[in-house]
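S.K.: Quick one: structure below, then a few questions.
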Amino acid sequence: MQRTARRTTGGLALALAATLAITACGTQSQGDNTGSTESSSETGTADLAIVPSVQIDIDGQEVPVETSGDPVDPAGDGTAECAEGTSIAMAGALTGPNAALGQNILYGAKVAVDAFNAANAGCQITIKEFDTEGDPQKATQVAPQIVGDASVIALLGPAFSGETSATGDVFSQAGLPSLSASATNPDITKNGWKTFFRGLANDAVQGPAVAKYMVDTLGYEKVCVVQDNSDYGVGLAKEITAGLGDAADDSCSAEVKVGDKDFAAATQLISSSDADAVFYAGYYAEAAPFAQQLRDAGVDIPFVSADGTNDPQFVTQAGAASKGAILSCPCGPAPDEFASAYEALNGQAPGVYSVEGYDLATIMLTGIASGVTDRAGMLDFVTNYDGEGLARTYKWDDTGELSSALIWIYEVK
Amino acid sequence: MLVHDVLAADPLIGFDLAALGRNFWALTVDGLTYGAVYALVAVGYTLVYGVLRLINFAHSEIFMLGMFGQYATLLALGFYPSGDAFDKGILLTVLYLGIAMIGGMVVAGGAAVGLERVAYRPLRKRGAPSLVFLITAIGASFVIQEFVHFVLPALTGGELGGVNAEQPIRLVEPEVQFQIFGANVTNVTLIIIFSALILALATDMFINRTKFGRGIRAVAQDPVTATLMGVSRERIIMLTFLIGGILAGAAALLYTLRVPNGIIYSGGFILGIKAFSAAVLGGIGNLRGALLGGLLLGVMENYGQVVFGTEWRDVVAFVLLIVVLMFRPTGILGESLGRARA
Amino acid sequence: MSTSTPAENDGAPVPGPAAPARPRPELPPAGQTPVGQRPHGGAGDRLRLWWDALARPAQWAFGAPFVLFIALLPILNIPVLTTVGTNFGAVMAQFGMYALIAIGLNVVVGQAGLLDLGYVGFYAIGAYTLAILTSPDSPWNVTQPEGWLSDDWAWLAVLPVAVAITAMSGLVLGSPTLRLRGDYLAIVTLGFGEIVRLLADNLDEITGGGQGLKSVAYPRLGVTEELPNGVFSAGNVGSTLNSGVWWFWLSLVFIIISLLLVGNLERSRVGRAWVAIREDEDAAEIMGVPTFKFKLWAFVIGASIGGVSGAIYAGQVQFVIPTNFNIINSVLFLCAVVLGGQGNKLGVILGAFIIVYLPNFFLGRTSLFGIPIDGNAIANYKYLFFGVALMVLMIFRPQGLIPVRQKLLTYGRELYVAARRTLAKMPDGGPQAAYATSAPASGTVGTVGTPGSSGPAPTGHGPDGPDENGATGNDTTDGGNR
Amino acid sequence: MSNEPGGMGAGGDVGDAHLSLSADAGEPMAEKYLPGAGLDEPVLVDVTEVRPELADAALVDEIVAADREVLAEVGEPLLKMEDVSVVFGGLTALDSVTFDIRRGEILGLIGPNGAGKTTAFNAMTGVYRPTRGQVRFDGQVLGKAKRNQITRLGIARTFQNIRLFNEMTALENVVVGTDARHRTSVPGALLRTRRHRQEERDAIDRSMAILEFVGVGARATEKARNLSYGEQRRLEIARALATEPKLLCLDEPAAGFNPAEKEALMDLIRHIRDDGYTVLLIEHDMRLVRGVTDRIVVLEFGKVIADGSPEDVTSDPKVIAAYLGVPDEELAEGDADAPA
């Protein structure tokens, strides 16, 4: 009995080899032109990186990169004194499908806190992590714990717009200043909360800026807008489509789902339309396979996306297909020493929103260093704060939006 | 008043037959490519259901393990994962493809047999009702996913598994070979469809012509009598899971040819549910039904996306399933491997 | 064709003694434990008989203090029990919602035996009905600014509408699919759950799509100056009596109501019809049970209870987004029912508690009874533990933690009392002996049945052999020996 | 796979083309898997304690008696098989069968294996729709009625392989039978309307009486799967009686019984008939059939070959030939009209 089993599976394997042989001779006919794709395995994507190219303002015009003042150093002058156990909280998705984004923010903040604790022996700050799995209901369960913990005097988060809408009232009534590094839904700041500060430009700024940049500066007449179904993707796509106006070609616009890997139909729609560019509103986990399948289908029009895709993972996963992609981000380029400190501490390259996590944590730490001991003190410190961070200058208007919002444009070269 | 102007304002569900007309053949070719993968995975579901009356929910994770299996084989062969395609000449590429496919098959087949022994055999020994089997299958599906999610990166020092998808290793760069009715047919499509066809034929012959195949059909139709006739039920069940696993492993390689960055712990779940719907569409327990169901589902999904909008893909798949089951409860080709059981 | 019929060889016209029936040479089905070795639960039986003999009001009398204790749990702040990482009141509120869902799903899966893998669809419809009718973002908002409904009573007014719409969706899903059996029904309901989630995702003009609908209505009770929006608003976080606790009490009220209603159904013709359908649908149909009608009723009742729970969820979170109405939750609901014990209303509530409470128990906990543990990491492995727990449970305790103990008769109580009395005055020889000697009723043979037949009757429909009177014209196989 | 019978009209279950009475319920649920396993001490209850009046047998008979008004008087045909044929694909299971069952009698339906007894039984109880001819019951033609409607018309049946609701107690099984006559549905049960409460009380009284009547009263609170084989057979008859039928069909009720039990069963069947029911009995065991039936119909190869009193049917040469086959010498003379 045993032998026959082996022989049959052997037979199956033989049939298999035959299959491959047949298809091989199928590819034989075009054997000569595969030579064209040189690139032995080593060069690969090692040289491809996301390189900052230009900074644009809200109407897409290039703005000379003024060398902003040197960013505030979280270490401060090392003389900070604070009560024992003072801590800042971080709330966001640390597990579940979007865990990577939450971790980027947390690790960025840790770099700042480590620098602060190293320099200020008299004041050791701890980061208390609160995992919301990106689920609004879990956020409502975590919020009371954060507010209830008296030692927490500032909150870095909530990370996603959904969680922020669900728990905004909680933090505003508790007077706990909450600085979000990634919630970009424009109407969060329309709820009249005094304690919410958005650490980056919202979609209402990034959308029109990138749209006008594409139409005026890059000169695209027809752009296909593809969005995913996350609240980030939907919000951004709305702004971009509005900004593009009639340049948005809705015959090839499509909506895909978070977690999708197969974009055959969307690719076909785009390749059969005569668009000049594709704009993808969503995260890198879907942008990478989408870009790669576009290139496979022979669609080589420029691939434009935003901060959700502006992550080294996009380049590693999309490989050659990511060459020439244009990525916008309200975040400034992470300077090299931050990237090396980040890698040393967390063992991975900084990702999307890591810089914001660092900047906002730095603001809280400088607040504590300047003698703030409670939430009210921190609240008015942040409200009147005006200082330089790695990504941008941080100064908030009364609704919690950044006043000077500039967008960076990056390119994968 | 309110309702009217909302619906009229912007058609919630578009209906664009012209787009379908323009891209018909290209969508069909793409649809068949994905359909072939659905079909191979669907055969695994159909075999196990035919023999054991069990929806093997964990089969989607067997497919995912197959993806990691072929990826690990390529790593072992010294391929360094980078975004670019490798070009080592045709013969070498085919050789590596073959080895990787066999690697995927071994891992997936082994995992399927292991799954049967750990999860289902103890239940069979206790004569459990079918709902209990289903719950165990769902449990096993969670366990395998979280194993690859957390435990595998720990075991392999971060090489395999974890939160992000694996960096792709591309063996074959898609090159357009020829066009039928204006639709590009690339070498990747050719490899996938031909391999799937050959594997399907081999399985069909195996089930219908070999001694083992008869054993499977006998156990499917009447386990008690089959056992009385000297057919060892346990070995047949093990063999059924093995074949399902092998085909899933092969499908895994073919899938990663098309979607090299799909290798992630959660990569199999939705595809598995689609594949099972395809098996039910074709007629659960019916081998050819699974193949037909897979191809049909792949193609219908693509058409539905273009006609109604790409966000309606999964809805089209499930509505198709419900409609077919209402008018033809035993699926298009009707059940055959086992008894007709509504 | 091993089916044996009593008169294997055709008796001669002159009736010879009929050969005693050879027990079918069927293989004993795997895992059949002969009667003798079954655990003789002395105490368990007496306890169970005592509980059955209790009048229903008496049962509720025993239940009341227990329910009160559960209600006060978030306030008592018991050291180990109170969750650290997440707010205990909010966790209990989620438990309340999951318990309601478990009761509703138990009607469909536990009592009527219809495998429903798409139950989260009804939960979503309940939540979205409330959100669409009361959230300012949605075009069909009927509350104050645009509509006519005052904010204070919006939640309560929309609740019956949510229940009605969910019940109708149960009808819409049920009528075409309930002719299907077993595994087909499972896949179709799974499809239904996904379709509902995708509709919520894609119809973004109405449902807000991926961005969801925010500031959904909630009951504005207990408005004070420092709680401008009342105790149920998400803002009420300060004191121990935060919004989570109030929502937990509200869900407890609905749990008690649904337990009463489902209890009424269980003890009536409907409940008996459901269990008959679960046991043997064909036989039920022949015994006059309109199976299709009652299966549809099971779907509708299950759906409406799910709708109530969805409305409570939307009210508590005051923000509805399609992401967490996915297949994983559908499966978790099913596991709660199976874990607790299918068919047992109280058992499934325990199952729901385990599913909700256990992961939260570990979240953020750094030491357990002195042993330092990394709570977050353990909570991270949540699905791994659930998967393993399911597999292990299905092998060793498949009927769930509290197996079903169904009472299907409104007035059956006196019988149990009588049974208890006979059991009490049973001589030590045990009931078997007493039964054998006394032949209580006239005309009964009463003795142990044919040899080798005591205990689980060889009910004939053994594993798979087609039997004598099977239809499909297999008279030819009637005697099996032609 | 045997082909599906054509006209499965009754019961619109598309997927269930044939009434899979032999429903292969797959592996029977192992003991441990049945919820509530573990309670296995036979718990006995003295029904007369609860309902003292049930001690008096005559009253029990009176409660159990059939009071459904029947169009045909005693002796008139209650059910007529009018030239009924049932064809499955190529196989003619019944070939223009005509006989009737008169009210108040016990009719035996016998025949060698494969003679078509079961098909006739299924045709009568509306499980199959005849390919030709029709079945007239109590003046009505059994057209496309669903199976549960046929039970309400007044035909109740037992199964050859016992198909009780194992998880329910004996009393609950019988109460399900009485539910066939009840009209309370979900609204009634939810609001506990007067009708619902009334129906529940009647159901318990009637069911306990029926349990006493068939002699399984002591095991009322015992789960059906814990009853002995004999008791389960009787419980199935009780459940059929509970639907207040006009015609009670028993499908080999004595299968697996020893002679003493067969004797007791014959008393019970006579007792049922005396209580006003018409009984159809399908049976192999000629001794049992002769002992209890008033009239016998014999089927062979789907055709009626004899119809009359037990004495002359059992001495009819055709019947003997059908059962024993034709002795060689007669065959040699070729005079026996061996069936084609």
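The values are calculated or read from the model by the stated rules, or taken from the named source; none is laboratory data. What you see is a predicted model; the values in this text were computed from it and never measured. Cβ coordinates were reconstructed from backbone atoms using ideal geometry, including for glycine residues, and neighbour counts include every protein chain displayed.
S.K.: Mind checking which helices (runs of 4 or more DSSP H) fall wholly inside the stretch C:323-392 and carry at least 3 residues that are modelled with pLDDT under 85 and among the small types (Gly, Ala, Ser)? Reasoning before the result, please.
M.R.: Details: elements: C:327-340, C:345-362, C:375-380.
Ranges flagged: C:375-380.
A quick yes/no check of all residues on (1) among the β-branched types (Val, Ile, Thr); (2) under 15 Å from the mean Cα position of the chain (by Cα); (3) more than 9 Å from chain C (Cβ to nearest Cβ):
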{"position": "D:PRO245", "(1), (2), (3)": "no, yes, yes"}
{"position": "D:ARG273", "(1), (2), (3)": "no, yes, yes"}
{"position": "D:ILE282", "(1), (2), (3)": "yes, yes, no"}
{"position": "D:MET286", "(1), (2), (3)": "no, no, no"}
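S.K.: OK, next. Go through the stretch D:140-232 and tell me which helices (runs of 4 or more DSSP H), entirely inside it, have 2 or more residues that are within 19 Å of the chain's Cα centre (by Cα). Break it down stepwise before answering.
M.R.: Numbers: elements: D:147-153, D:170-179, D:186-191, D:194-214.
Of the helices (runs of 4 or more DSSP H) lying wholly inside the stretch D:140-232, those with at least 2 residues that are within 19 Å of the chain's Cα centre (by Cα) span D:147-153, D:170-179, D:194-214.
S.K.: Under 7 Å by Cβ, and 6 or more places apart or on different chains, what pairs join a residue from the stretch C:108-137 that is assigned to a helix (DSSP H, G or I) with one that is basic (Lys, Arg)?
M.R.: C:GLN111/C:ARG278; C:ALA124/C:ARG197
S.K.: Hey, another quick one. If only one of A:GLU255, A:GLU221 is surrounded by 24 or more Cβ atoms within 10 Å (Cβ to Cβ) and at negative phi, which one is it?
M.R.: Criteria check complete, one pass: A:GLU255.
S.K.: Give me the pairs: first residue in the stretch B:68-79 and among the hydrophobic types (A, V, I, L, M, F, W, C), second residue surrounded by 19 or more Cβ atoms within 10 Å (Cβ to Cβ), beta-carbon distance under 6 Å, and six or more apart or on different chains, which are they?
M.R.: B:LEU74/B:ALA100; B:LEU74/B:ILE169; B:PHE79/B:ILE169
S.K.: While we're looking at this one, here's another question. If we scan the stretch C:154-173, do we find a residue that is within 30 Å of B:ALA278 (Cβ to Cβ), surrounded by fewer than 24 Cβ atoms within 10 Å (Cβ to Cβ), within 13 Å of another protein chain (Cβ to nearest Cβ) and free of Cβ contacts under 8 Å to residues at least 60 places away in the same chain?
M.R.: yes
S.K.: Would you tally the residues in the stretch B:268-284 being within 14 Å of C:GLU194 (Cβ to Cβ) and small (Gly, Ala, Ser)? Before the answer, list the steps.
M.R.: Here is the first cut: in the stretch B:268-284, the residues within 14 Å of C:GLU194 (Cβ to Cβ) are B:269-274, B:276-277.
Next cut, small (Gly, Ala, Ser) only: B:272, B:277.
Residues that pass the stated criteria total 2.
S.K.: Tally time: how many residues in the stretch C:259-300 are facing chain D (nearest Cβ under 7 Å) and within 30 Å of C:ASN324 (Cα to Cα)?
M.R.: So the count comes out to 2.
S.K.: Moving on. Quick one: which of A:ALA321, A:ALA266 is in a helix (DSSP H, G or I) and either closer than 16 Å to B:ASN261 by Cα or without any contact (Cβ under 8 Å) to a residue 40 or more places away in the chain (or both)?
M.R.: On inspection, the qualifying residue turns out to be A:ALA321.
S.K.: Taking the conditions exactly as written (out of contact with any His (no Cβ under 9 Å at 6 or more places or on another chain), surrounded by 24 or more Cβ atoms within 10 Å (Cβ to Cβ), among the small types (Gly, Ala, Ser) and assigned to a strand (DSSP E or B)), does D:ALA123 satisfy them or not?
M.R.: It is false that D:ALA123 is out of contact with any His (no Cβ under 9 Å at 6 or more places or on another chain), surrounded by 24 or more Cβ atoms within 10 Å (Cβ to Cβ), among the small types (Gly, Ala, Ser) and assigned to a strand (DSSP E or B).
S.K.: Would the stretch D:132-152 turn up any residue that is of a type in the set (Lys, Arg), within 25 Å of D:SER309 (Cβ to Cβ), surrounded by fewer than 21 Cβ atoms within 10 Å (Cβ to Cβ) and more than 7 Å from chain C (Cβ to nearest Cβ)?
M.R.: Scanning the stretch D:132-152, I find at least one residue that is of a type in the set (Lys, Arg), within 25 Å of D:SER309 (Cβ to Cβ), surrounded by fewer than 21 Cβ atoms within 10 Å (Cβ to Cβ) and more than 7 Å from chain C (Cβ to nearest Cβ), so the answer is yes.
S.K.: Which number in (1) assigned to a strand (DSSP E or B); (2) of a type outside the set (A, V, I, L, M, F, W, C); (3) within 21 Å of D:PRO245 (Cβ to Cβ) marks the one condition that D:ASP95 misses?
M.R.: For D:ASP95, the failing item is (3).
S.K.: Which residue is nearest to A:ASP231 (Cα to Cα), if the candidates are limited to the stretch A:92-125 and must be part of a loop (DSSP other than H, G, I, E, B) and over 24 Å from the mean Cα position of the chain (by Cα)?
M.R.: Filtering first and then ranking leaves A:ILE125.
S.K.: Name, by its number, the condition in (1) over 18 Å from D:LEU250 (Cα atoms); (2) modelled with pLDDT of 85 or more that does not hold for D:ASP138.
M.R.: Unmet for D:ASP138, out of (1) over 18 Å from D:LEU250 (Cα atoms); (2) modelled with pLDDT of 85 or more: (2).
S.K.: For the stretch D:77-119, enumerate the residues that are small (Gly, Ala, Ser) and within 19 Å of D:PRO310 (Cβ to Cβ).
M.R.: Matches in the stretch D:77-119: D:GLY104, D:GLY108, D:GLY111, D:ALA115.
S.K.: Let me ask you something else. Just to verify a result, which residue in the stretch B:107-123, among those that are closer than 17 Å to B:LEU47 by Cα and not hydrophobic (A, V, I, L, M, F, W, C), is nearest to the other protein chains (Cβ to nearest Cβ)?
M.R.: The selected residue is B:GLY109.
S.K.: Ok, one more. Please count how many residues of the stretch A:181-197 are touching a residue at least 40 places away in the same chain (Cβ under 8 Å) and closer than 17 Å to A:ALA281 by Cβ.
M.R.: 4
S.K.: For the stretch B:111-215, list the helices (runs of 4 or more DSSP H) that sit wholly inside it and hold at least 2 residues that are surrounded by 22 or more Cβ atoms within 10 Å (Cβ to Cβ); which are they? If you could, list the steps in order and put the result at the bottom.
M.R.: On the way: elements: B:121-125, B:130-146, B:152-155, B:187-209.
Here the list reads B:130-146, B:187-209.
S.K.: Output the number of residues of the stretch D:236-269 satisfying the condition of being touching a helix residue (DSSP H, G or I) at 6+ places or on another chain (Cβ under 6 Å) and among the basic types (Lys, Arg).
M.R.: Selection size over the stretch D:236-269: 2.
S.K.: Would you check if there is a residue in the stretch A:200-213 being crowded, with 24+ Cβ neighbours inside 10 Å, aliphatic (A, V, I, L, M) and within 14 Å of chain B (Cβ to nearest Cβ)?
M.R.: No, the stretch A:200-213 has no match at all.
S.K.: Which one of the conditions (1) in a helix (DSSP H, G or I); (2) modelled with pLDDT under 90 does D:ALA238 fail to meet, given that it meets all the rest?
M.R.: That leaves (2) as the condition not met.
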